[in-house]
1. Could you grab the pairs with beta carbons closer than 8 Å, sequence gap of 6+ or different chains, first residue in segment 1-24 and closer than 20 Å to L65 by Cβ and of a type outside the set (F, W, Y), second one assigned to a helix (DSSP H, G or I) and modelled with pLDDT under 80?
2. Which ones in segment 216-243 are at pLDDT 85 or above and within 30 Å of G371 (Cβ to Cβ)?
3. Would you check which residues across segment 343-376 are touching a helix residue (DSSP H, G or I) at 6+ places or on another chain (Cβ under 7 Å) and polar (S, T, N, Q) and list them?
4. Could you say whether any residue in segment 196-208 is modelled with pLDDT of 85 or more and touching a Ser or Thr at 6+ places or on another chain (Cβ under 8 Å)?
5. Go over the candidates I92, I11, I18, I63 one by one and state the one that is under 24 Å from R140 (Cβ atoms), hydrophobic (A, V, I, L, M, F, W, C) and surrounded by fewer than 21 Cβ atoms within 10 Å (Cβ to Cβ).
6. Say we look at segment 95-138 and pick out the residues that are small (G, A, S) and surrounded by 18 or more Cβ atoms within 10 Å (Cβ to Cβ); which of these is modelled with the highest pLDDT?
7. Could you list, in sequence order, all residues of segment 18-56 that are within 15 Å of I126 (Cα to Cα) and assigned to a loop (DSSP other than H, G, I, E, B)?
8. Scan segment 109-125 residue by residue and report those that are under 26 Å from Q82 (Cβ atoms) and not basic (K, R).
Amino acid sequence: MATNNTVTVSINPSDYKILVVDDVMPNVLLLKVMLTNEKFNIVTASNGEQAIEQVRNEKPDLILLDVMMPGMTGYEVAQVLQNDPETKEIPIIFLTALNTSEDIVRGFRMGGSDFISKPFNKEVLIVRVKYQLSLVAAKRIILQQNEELQRTIAGRDKLYSVIAHDLRSPMSTVKMVLNMLTESTSPEVIGEEAFSMLSMVNTQSEEVFALLDNLLKWTKSQVGRLNVVSQRFQVDEIVVSVIQVFRMVAEAKGITIEVGECEKLNVIADIDMCKTVLRNFLSNAIKFSNQGSKILVSVKRDGDNFARISVRDFGCGISEEDQAKLFHTATHFSKYGTNNEEGSGLGLLLCQDFAIKNGGNVYLESVLGEGSTFSFTVPIASE
């Protein structure tokens, strides 16, 4: 039985409608006078069938329901209301002279929110009515805030998607032109300073394009518009192709990318998602490696059912405290690279999301000052 007399949310009684159900008319009139004096809107019913009809017609915010009535009992009325999705959320306070444990337990099982024993005390009745209605008010506030939050999130995701989509295409053109210019010229042709600036802009265009690509994919994934298209492929082949794309970026920083142990494993996964994860791992490895160091990429069997693709760098490493922040949206952690390259912190979240969607996961081993190994697993295809 509820005993908390605290009204959790301030209510305006005139905003709420209460249905009083009792087969004894003096009880109905007494309750009506008491609650009307408190400014509540009151409707009444004298039996179970009429109560159900009134609930569906009047849609009250609270029901004061007598238990012992001829025909349908209060428990039976409550059971009918509980079985109807449109009425099951309406709180019910049982009015009864029954006060055994069995009666109380049965009432709660039938969907009752509280019990008031007859003869009832006015002050107790009013407090308990206001308490139940304050819970109704609180629930409505939560539902309203949740709807507003969902609209805000939907608007944010749409904005992200539009920004990423509309900028990605022109940025792709800019990136391609800068790549061509960087490859077709040299410091001897345009001078050391101009070539250095061109290389810097080229690198930044790569980073911006990668960010937009990640942002677009992350948004689509979060709103359920990015589907996993699983297919069978040899994972070492995509590793080689992705490495080839990043060799020039690595060489610009004096870093070499080497392929270590590389088993020829057939996996079942989304190729584009796997490439996205590997691209992010390689991009981070280059970003956090020192000039003149190397990056080691490997593919090997992980147990009987998974292939593990790993990217190891020998750069600055990550502290244990920072490792705990990397794969959590709440912390949204990012660091500057060894050449002050900026990161969004979004790439690793996307990697984790894609790996899990494909039935695998992501893993990190790192020692501060010695380097890091980022890995992800994908299921091996059955023979």
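1. Partner pairs satisfying both residue conditions: M1/I104.
2. Correct list: F233, Q234, V235, D236, E237, I238, V239, V240, S241, V242, I243.
3. Result: S344, N358, N361, S366.
4. There is at least one residue in segment 196-208 that is modelled with pLDDT of 85 or more and touching a Ser or Thr at 6+ places or on another chain (Cβ under 8 Å).
5. On the way: I92 fails: surrounded by fewer than 21 Cβ atoms within 10 Å (Cβ to Cβ); I18 fails: surrounded by fewer than 21 Cβ atoms within 10 Å (Cβ to Cβ); I63 fails: surrounded by fewer than 21 Cβ atoms within 10 Å (Cβ to Cβ).
That would be I11, the only listed residue that is under 24 Å from R140 (Cβ atoms), hydrophobic (A, V, I, L, M, F, W, C) and surrounded by fewer than 21 Cβ atoms within 10 Å (Cβ to Cβ).
6. Within segment 95-138, the subset small (G, A, S) is 97, 101, 107, 111-113, 117, 134, 137-138.
Okay, now just the ones that are also surrounded by 18 or more Cβ atoms within 10 Å (Cβ to Cβ), so 107, 111-113, 137.
Values: G107: 78, G111: 78, G112: 84, S113: 86, A137: 91.
Across segment 95-138, the extreme among qualifying residues is A137.
7. E38, K39, F40
8. Step one: list which residues in segment 109-125 are under 26 Å from Q82 (Cβ atoms), which gives 109-118, 120, 124-125.
Residues satisfying the conditions are M110, G111, G112, S113, D114, F115, I116, S117, F120, V124, L125.
The values are calculated or read from the model by the stated rules, or taken from the named source; none is laboratory data. Everything quoted here is computed from the prediction, not taken from an experiment. Backbone-built Cβ (ideal geometry, glycine too); neighbour counts: all protein chains shown.
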